[in-house]
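Trainee: What follows is a structure written as structure tokens; I'll ask about it next.
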Amino acid sequence: MNALDRKLFRDLWHMRGQVLAIAAVIMGGVATMVMSLSTYDSLVTTRDRFYGEYRLADVFASLKRAPEPVAARLAAVPGVERLETRVTAGVKLEVAGFSDPITGQILSLPDVGEAQLNRLYFKRGRTVQPWSTDEVVLSDTFADVHHLQPGDTLAAIIRGKRKKLTVVGVAVSPEYVYQIAPGAMFPDFKRYGVLWMGRNALGIAYDMKGAFNQASLTLARGANEQDVIDRVDAILADYGGTGAYGRRDQFSNRFLSEELKQLRTMATVFPAIFLGVAAFLLNVVLSRLIALQREQIAILKAFGYSYAAIGAHYVKMVLLMALLGVAAGVALGAWFGQGLSHVYSETTFRFPYLDYRLQPGTVLIALAVSALAAVSGTLVSVMRAVRLPPAEGMRPEMPASYRTSLVERLGLQRWLAAPSRMILRHIGRRPLKSLLTVLGIACACGLMMVGNYQKGAIDFMVDVQFRQASREDLALAFIDPTSGRALHELAALPGVEFVEGYRDVPAILRFGQYRHRAALFGMVANRTAVQSFYATIGEFILFYNLVATVLAGAIGFGVVYNSARIALSERGRELASLRVLGFTRGEIAYILLGELALLTLAAIPVGFLVGVGLVGILVVAFQSELYRLPLILTPENYAMGASVVIVSALLSGQALLRRGRRFGRTGGPRDPLHAAGRAGRRRRNHARAAYRDRGGGRQDPCARALPRVGPGRRLRAAHRPQGGRCRRRRPGSRSDRTGAFGRTRSAHPRPGPGPGQRRAGGARGGAGQRARRRRRGTAGAAGARPRGIPATVEFRLRPGAGYRTQRGNPCPRGGAGRAIFGPGGPLRSGKRARGSRQHRAAAARRRGRDRAGEGAGCGARPARAARKRRGGSGRPAPARDRQPREPGRRGGSAVHRRGEDRDRLESDSRPLGRRPPDRGQGARGRAGRLYENLGARRRGAAGARHRRFHVAASGVGTAG
Amino acid sequence: MMARMPEAHADAVFVARGLTKIYRMGEVEVQALRGIDLTLNRGELVVLLGPSGSGKSTLLNILGGLDAPSGGEVYYLDHKLTGASEAELTRFRREHVGFVFQFYNLIPSLTARENVAAVTEIAASPMRPEEALRLVGLGNRLDHFPAQLSGGEQQRVAIARAVAKNPAVLLCDEPTGALDSATGVVVLEVLEKVNRELGTLTVLITHNVGIAGMADRVIRLSDGQIADIRENAEKKPAHELAW
Ligand SMILES: Nc1ncnc2c1ncn2[C@@H]1O[C@H](COP(=O)(O)OP(=O)(O)OP(=O)(O)O)[C@@H](O)[C@H]1O
Ligand SMILES: [Mg+2]
């Protein structure tokens, strides 16, 4: 190693604090980049491999029902390579030991031969035996969370009939990489499952023998997807086709694509911020270093080092710092990436295999980008070093030129003592640098806000979705659209407070040549959903919070510590002389830290702006058709942002003061950056140790009692609490409390009212309260909910309406641990079969209440009209005024004639409920069945009487 | 650049003709040199005397290729320094010139040995760094950092660094300026020894008339001009000097 390189390493070692601070910032950028890019790569490779090996279809078409020969016509469409038909249906599942309702999608597997498209990857077990009637294959997510193994059984309610099914295999499908119940916001593996079953058995169960209701096909090379889709649609039009769609619109794939897009965004936005800050820091540090090394540079030149060699020397220095950051960043990024991939494969995307792979290309990109940022940030300084005339370097540096600060020019100097004036002038001397410092610190604040933003935004979304929009406690989905009478029946159920029905209608939006499948939208859930939702994404939130905190901390400390060190280096001599002149240490510290404090304080509001800006960028960048994050920043966001700045400033100040103390004593070395400190430090440490041994200083009482280890050192009490005092930990005091608290929290996200309150709540719900609820309900039903006949009904349990779980544990809140009935979801039918009851009813409704010409799904009507309509449609008397009824009594009132269903609009059907086998009551009516469904799950307890549901009827076809 | 000064002495190393240097600082112009004609010969030990601000350092910097004159010409052997490119000047300094400065200007992060090595590494036919340091009497302080050396020791390291590459010219700007007289004498002895043993043309700037005794020639500068040039009939050895 030549002498210049030695100098390089020693210089770096000497500035190690700053080097580390800068490397940490670069690390932040590289880590996010590597994390997102490698995860992206891993997901893309895995996806492509899985899609290819398991033959995900290119085009999917759903329809009401078509006889099998139609398949031949479809297969004959030019451009179709391979076509396969299926029977698929929504299904309600029951798993022993899990009392919540589970919805699922059941798909057929061919009885003859193997599936050619959308094949299954079997994790365990085998496929169903041809012609078997009760064998099913389960999706792995569902099987895993319920610990279902081949050989286990579960029950399905198929077309109202309960059927026992035997699990024979557990599989992953390329079609369901992202498994989410239609209309749900986030996956819920416990309450949504995908099953596969023999074609024949399923066909019989769903009256699809010799027929199909879904076709998937692959395209021949060079085929035009849109052409094929158009032709397929034309053929299927007569069979209730709901419009074929390509992979792009395939639900699971679309989510995956969106997520991938976000990863890409993440791979650019965050690293850009970090590397920008790093470039600035490098610039500050290097220009200071070069100023300090003027004479060294001059001497090297005097002895014949070429300008290029000098430039290379400093570029190398910069690159080494960057390299350190890149190395740490790649390591951290790979770790984060693994974590993220893990979180993904656990919570969202189910691939049979997800090999995390860190491609060399990713590392190279990270290296190149960081090096570029580092070098471009320091180019000016390096060039200054290169251009420094050798003769010039021999002359002592001119005193820096100062100006009076703006404050003083405004005539305010009377109120400023000399130290304060020094602070202001120093800041004002290099306004750009001060500004950039402020910006850098502000970035830390902003990043922290971004990291925490997601939590706030998601809280907000949950609040809107689950507490404001979907205020219901229970939701029902009907197999087929149902008359509004069902609402009244539901409203009449004991305990029902409010009923609201709505219709989902699918649509294809066209604009010029663009078409867009507007899917969606049925919502639903209750607190259980909130819980499961948090359980699902909690890991994500936690993960991102961790990442953000690490990174924001890195930036904050990097910037503040560096500016502090530079300030000390630039002014060390000046301050030392002041000390000699009789300034106290406090005054010196004030001058030194005052500047830092001022910049830090100025940075906080700027940081808030940066945070809002960054979040804005993110919101726009992450915005997808599937969802959009709201730009909501909570006070906590701001608080977190500010605190990261303040904490890093305090830490830096601390570090600085420790260094600065030396100046006070010795009068200051000539070159603070190069004050060879080792010997001195050793001496000081000895002195300090001796002092401590004598019992001096503020000492930890625990430490004094502890044995000496090594020269001058004591074992520090590891568990010393922050107060500085040593407190013995009492068993069961702190940790136990946390434990109990944790348990409480996890069991009951929002502490529910006690039994007494519950009753009081029940008695209170007067007319005013109901009206309030109704209004909120109306407002909550905002958005473009299509009007028409209710296909989904939402329930709202009055807060007091507790019930017992099957095990007999009372639930304090209506919803906790309870049901979701999967609702709407993208309806696959665009048409309403003419002449059906549904159609007539809809027409009547339109005539009666709607403005003519408003197509389904696009009307937003004023709430007033909606309220009027509610009145007109005979809103049921509040449930609590009625006597609780026996479940069976109203059974016949809304007879559900199965025969009629078939020619009706095809919806995403969720079977309503089941006939409780143990009761044998012949409830046939829709409401009756519903009631049984509810009642069966709430039997035991004096349930029915206490439980008064408030069924929200307000939102039928309304929009706020 | 290869044009040789016709009238130059055969032994001439540096030939300067009509050198002027003007520093411009905004409105103000400072005439640092006002027409210097000078010839420096092989193996000479020349002392530059003059009051502060008389232009000694400026002249030395121009001779060493650290700075360019505003007017006039300088030749080193048959190379014309005036008008040479930066790369040519760098090569000139690398191959032929050793510098010693008033404030030593050692690289603080390198040991004595490494400070010397930094120069020998890029030189054509250098001594070994240890050898150079032994020459200045610091053979036992090879691995000490500048911060661990006294001022005189540091200056001797600087001299070792300057002579280690066997330069044809040694340019010293107030090498004893920051030293007490006893230490200064040690440093001067080293310079004298190098001049004598290696035959290096040595130019030595000082404020100190006492030092002039050890020179072959004493050039007096005043206000940017050569006031007089005096040949020392008999050189005093450095250890006899005192101030
Ligand atoms: N870079 C510069 N910019 C402006 N003026 C300069 C510069 N360098 C030298 N001068 C001026 O040129 C004149 C000669 O300076 P020089 O350094 O050569 O003097 P000197 O004889 O070496 O003085 P000293 O004995 O104090 O070192 C002085 O008046 C000085 O102010
Ligand atoms: Mg001088």
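The values are calculated or read from the model by the stated rules, or taken from the named source; none is laboratory data. Here the structure is a predicted model, which is why all the values come from computation and not from measurement. Backbone-built Cβ (ideal geometry, glycine too); neighbour counts: all protein chains shown.
Trainee: How many residues are near ligand 1 (Cβ under 7 Å from one of its atoms) and surrounded by fewer than 21 Cβ atoms within 10 Å (Cβ to Cβ) when one looks only at the stretch B:30-50? Break it down stepwise before answering.
Mentor: Narrowing the stretch B:30-50 to residues near ligand 1 (Cβ under 7 Å from one of its atoms): B:30, B:32, B:50.
With surrounded by fewer than 21 Cβ atoms within 10 Å (Cβ to Cβ) added as a condition, the list becomes B:30.
Qualifying residue count for the region: 1.
Trainee: Please verify whether the stretch A:277-289 includes one or more residues that are aliphatic (A, V, I, L, M), under 23 Å from B:GLU86 (Cα atoms) and more than 10 Å from every other protein chain (Cβ to nearest Cβ). If you could, list the steps in order and put the result at the bottom.
Mentor: First, pick out the residues of the stretch A:277-289 that are aliphatic (A, V, I, L, M): A:277-279, A:281-282, A:284-286, A:289.
So of that shortlist, the ones also under 23 Å from B:GLU86 (Cα atoms) come out as none.
Taking every residue of the stretch A:277-289 in turn, none turns out to be aliphatic (A, V, I, L, M), under 23 Å from B:GLU86 (Cα atoms) and more than 10 Å from every other protein chain (Cβ to nearest Cβ).
Trainee: While we're here: Condition check: more than 14 Å from chain B (Cβ to nearest Cβ), buried (at least 24 other Cβ atoms within 10 Å of the Cβ) and not in a helix (DSSP H, G or I). Does A:ALA31 satisfy that? Let's see the steps before the verdict.
Mentor: On the way: more than 14 Å from chain B (Cβ to nearest Cβ): yes; buried (at least 24 other Cβ atoms within 10 Å of the Cβ): yes; not in a helix (DSSP H, G or I): no.
So A:ALA31 fails the test.
Trainee: Select from the stretch B:180-207 the residues that are within 16 Å of ligand 2 (Cβ to nearest atom) and touching a helix residue (DSSP H, G or I) at 6+ places or on another chain (Cβ under 8 Å) and list them in ascending order. Break it down into steps so the answer makes sense when it comes.
Mentor: First pass over the stretch B:180-207, keeping only residues within 16 Å of ligand 2 (Cβ to nearest atom): B:203-207.
Hits for the stretch B:180-207 are B:VAL203, B:LEU204, B:ILE205, B:THR206.
Trainee: May I ask you to list pairs of residues, at least six apart or on different chains, whose Cβ atoms are under 8 Å apart, with the first in the stretch A:221-246 being in a helix (DSSP H, G or I) and the second being surrounded by 16 or more Cβ atoms within 10 Å (Cβ to Cβ) and of a type in the set (Phe, Trp, Tyr)?
Mentor: From residues that are in a helix (DSSP H, G or I), the pairs are A:ILE229/A:TYR245.
Trainee: While we're looking at this one, here's another question. On the given criteria, is B:VAL136 more than 8 Å from chain A (Cβ to nearest Cβ), modelled with pLDDT under 90 and either within 19 Å of A:LYS7 (Cα to Cα) or away from ligand 2 (no atom under 16 Å from the Cβ) (or both)? Step through it out loud before you land on a result.
Mentor: Numbers: more than 8 Å from chain A (Cβ to nearest Cβ): yes; modelled with pLDDT under 90: yes; either within 19 Å of A:LYS7 (Cα to Cα) or away from ligand 2 (no atom under 16 Å from the Cβ) (or both): yes.
Taking the combined requirement at face value, the residue satisfies it.
Trainee: Report every pair of residues separated by at least 6 positions or lying on different chains whose Cβ atoms are under 9 Å apart, first residue within the stretch B:83-111 and of a type in the set (D, E, K, R), second within 16 Å of ligand 2 (Cβ to nearest atom) and in a helix (DSSP H, G or I).
Mentor: Short answer, once both residue conditions are applied: B:ARG93/A:ALA302; B:ARG93/A:PRO390.
Trainee: If I go through the stretch B:162-178 residue by residue, how many of them are away from ligand 2 (no atom under 16 Å from the Cβ) and of a type outside the set (Gly, Ala, Ser)?
Mentor: Just the residues of the stretch B:162-178 that are away from ligand 2 (no atom under 16 Å from the Cβ), to begin with: B:162-170.
Going one step further and asking which of them are of a type outside the set (Gly, Ala, Ser), we end up with B:163, B:165-167, B:169-170.
Looking only at that region, the number is 6.
Trainee: When the stretch B:91-122 is examined, which residues are found to be polar (S, T, N, Q) and either more than 16 Å from ligand 1 (Cβ to nearest atom) or part of a helix (DSSP H, G or I) (or both)? Spell out how you get there, then give the answer.
Mentor: Step one: of the stretch B:91-122, the residues polar (S, T, N, Q) are B:102, B:105, B:109, B:111, B:115, B:120.
B:SER109, B:THR111, B:ASN115, B:THR120 - these are the residues of the stretch B:91-122 that are polar (S, T, N, Q) and either more than 16 Å from ligand 1 (Cβ to nearest atom) or part of a helix (DSSP H, G or I) (or both).
Trainee: Just checking, which of A:VAL369, A:VAL326, A:VAL375 is more than 16 Å from ligand 2 (Cβ to nearest atom), crowded, with 21+ Cβ neighbours inside 10 Å and either away from chain B (no Cβ under 14 Å) or modelled with pLDDT of 80 or more (or both)?
Mentor: On the way: A:VAL369 fails: crowded, with 21+ Cβ neighbours inside 10 Å; A:VAL375 fails: crowded, with 21+ Cβ neighbours inside 10 Å.
Checking each option against the conditions leaves just A:VAL326.
Trainee: Would you mind stating whether B:ILE159 is more than 9 Å from chain A (Cβ to nearest Cβ), more than 16 Å from ligand 2 (Cβ to nearest atom) and β-branched (Val, Ile, Thr)?
Mentor: Numbers: more than 9 Å from chain A (Cβ to nearest Cβ): yes; more than 16 Å from ligand 2 (Cβ to nearest atom): yes; β-branched (Val, Ile, Thr): yes.
Criteria met by B:ILE159.
Trainee: Examine the stretch B:123-130 for a residue that is part of a helix (DSSP H, G or I) and within 13 Å of chain A (Cβ to nearest Cβ), and state whether such a residue exists.
Mentor: Taking the stretch B:123-130 as the starting set, the residues that turn out to be part of a helix (DSSP H, G or I) are B:129-130.
Then drop every residue that is not within 13 Å of chain A (Cβ to nearest Cβ), which leaves B:129.
Looking for residues that are part of a helix (DSSP H, G or I) and within 13 Å of chain A (Cβ to nearest Cβ), one finds at least one in the stretch B:123-130, hence yes.
Trainee: Which condition breaks for A:LEU12 when tested against (1) buried (at least 21 other Cβ atoms within 10 Å of the Cβ); (2) within 14 Å of chain B (Cβ to nearest Cβ)?
Mentor: (1)
Trainee: So is B:GLU27 in contact (Cβ under 8 Å) with a residue 24 or more places away in the chain, more than 11 Å from ligand 1 (Cβ to nearest atom) and on the phi < 0 side of the Ramachandran plot or not?
Mentor: In short, no.
Trainee: Could you name every one of the strands (runs of 3 or more DSSP E) located completely within the stretch B:140-243 that has at least 3 residues being exposed (fewer than 15 other Cβ atoms within 10 Å of the Cβ) and more than 16 Å from ligand 1 (Cβ to nearest atom)?
Mentor: Values: elements: B:169-173, B:201-205, B:217-222, B:225-231.
Where strands (runs of 3 or more DSSP E) fall fully within the stretch B:140-243 and carry at least 3 residues being exposed (fewer than 15 other Cβ atoms within 10 Å of the Cβ) and more than 16 Å from ligand 1 (Cβ to nearest atom), they are B:225-231.
Trainee: For the stretch A:183-220, what are the residues that are farther than 27 Å from A:SER132 by Cβ and part of a loop (DSSP other than H, G, I, E, B)?
Mentor: Taking the stretch A:183-220 first, the residues farther than 27 Å from A:SER132 by Cβ are A:183-188, A:218-220.
Answer for the stretch A:183-220, where residues must be farther than 27 Å from A:SER132 by Cβ and part of a loop (DSSP other than H, G, I, E, B): A:GLY183, A:ALA184, A:MET185, A:PHE186, A:PRO187, A:ASP188, A:ALA220.
Trainee: Among the residues of the stretch B:71-113 satisfying the criterion of being away from chain A (no Cβ under 13 Å) and at positive phi, which is surrounded by the most Cβ atoms within 10 Å (Cβ to Cβ)?
Mentor: B:GLY72
Trainee: Could you check the stretch B:162-202 and list, in sequence order, the residues that are within 12 Å of another protein chain (Cβ to nearest Cβ) and among the basic types (Lys, Arg)?
Mentor: B:LYS165
Trainee: Which is touching a residue at least 12 places away in the same chain (Cβ under 8 Å), over 30 Å from A:ALA548 (Cβ atoms), among the β-branched types (Val, Ile, Thr) and outside any helix (DSSP H, G or I), of A:VAL70, A:VAL112?
Mentor: Sole residue among the options that is touching a residue at least 12 places away in the same chain (Cβ under 8 Å), over 30 Å from A:ALA548 (Cβ atoms), among the β-branched types (Val, Ile, Thr) and outside any helix (DSSP H, G or I): A:VAL112.
Trainee: Which residue, of B:LEU60, B:LEU66, is within 15 Å of ligand 1 (Cβ to nearest atom), surrounded by 15 or more Cβ atoms within 10 Å (Cβ to Cβ), part of a helix (DSSP H, G or I) and within 14 Å of chain A (Cβ to nearest Cβ)? Spell out how you get there, then give the answer.
Mentor: On the way: B:LEU66 fails: part of a helix (DSSP H, G or I).
Residue meeting the stated conditions: B:LEU60.
Trainee: Please indicate, with yes or no, whether at least one residue in the stretch A:358-380 is part of a loop (DSSP other than H, G, I, E, B) and among the β-branched types (Val, Ile, Thr). Don't jump to the end; show me each part of the working.
Mentor: Here is the first cut: in the stretch A:358-380, the ones part of a loop (DSSP other than H, G, I, E, B) are A:358-359.
Still in the list and also among the β-branched types (Val, Ile, Thr): none.
Looking through the stretch A:358-380, none of the residues is part of a loop (DSSP other than H, G, I, E, B) and among the β-branched types (Val, Ile, Thr).
Trainee: One residue is enough: does the stretch B:29-50 have a residue meeting the conditions part of a helix (DSSP H, G or I) and either among the acidic types (Asp, Glu) or within 16 Å of ligand 2 (Cβ to nearest atom) (or both)?
Mentor: So in the stretch B:29-50, the residues part of a helix (DSSP H, G or I) come out as none.
No, there is no match, as no residue in the stretch B:29-50 is part of a helix (DSSP H, G or I) and either among the acidic types (Asp, Glu) or within 16 Å of ligand 2 (Cβ to nearest atom) (or both).
Trainee: Looking at B:ARG113, B:ARG156, can you tell me which residue is within 20 Å of B:LEU201 (Cα to Cα) and of a type outside the set (A, V, I, L, M)? Walk me through it before giving the result.
Mentor: Values: B:ARG113 fails: within 20 Å of B:LEU201 (Cα to Cα).
Just one listed residue meets the conditions, B:ARG156.
Trainee: Also, I was wondering about something else. Report whether or not A:GLY243 is out of contact with any Cys (no Cβ under 6 Å at 6 or more places or on another chain), on the phi > 0 side of the Ramachandran plot and either within 14 Å of another protein chain (Cβ to nearest Cβ) or among the hydrophobic types (A, V, I, L, M, F, W, C) (or both).
Mentor: Values: out of contact with any Cys (no Cβ under 6 Å at 6 or more places or on another chain): yes; on the phi > 0 side of the Ramachandran plot: yes; either within 14 Å of another protein chain (Cβ to nearest Cβ) or among the hydrophobic types (A, V, I, L, M, F, W, C) (or both): no.
Against the criterion (out of contact with any Cys (no Cβ under 6 Å at 6 or more places or on another chain), on the phi > 0 side of the Ramachandran plot and either within 14 Å of another protein chain (Cβ to nearest Cβ) or among the hydrophobic types (A, V, I, L, M, F, W, C) (or both)), A:GLY243 does not qualify.
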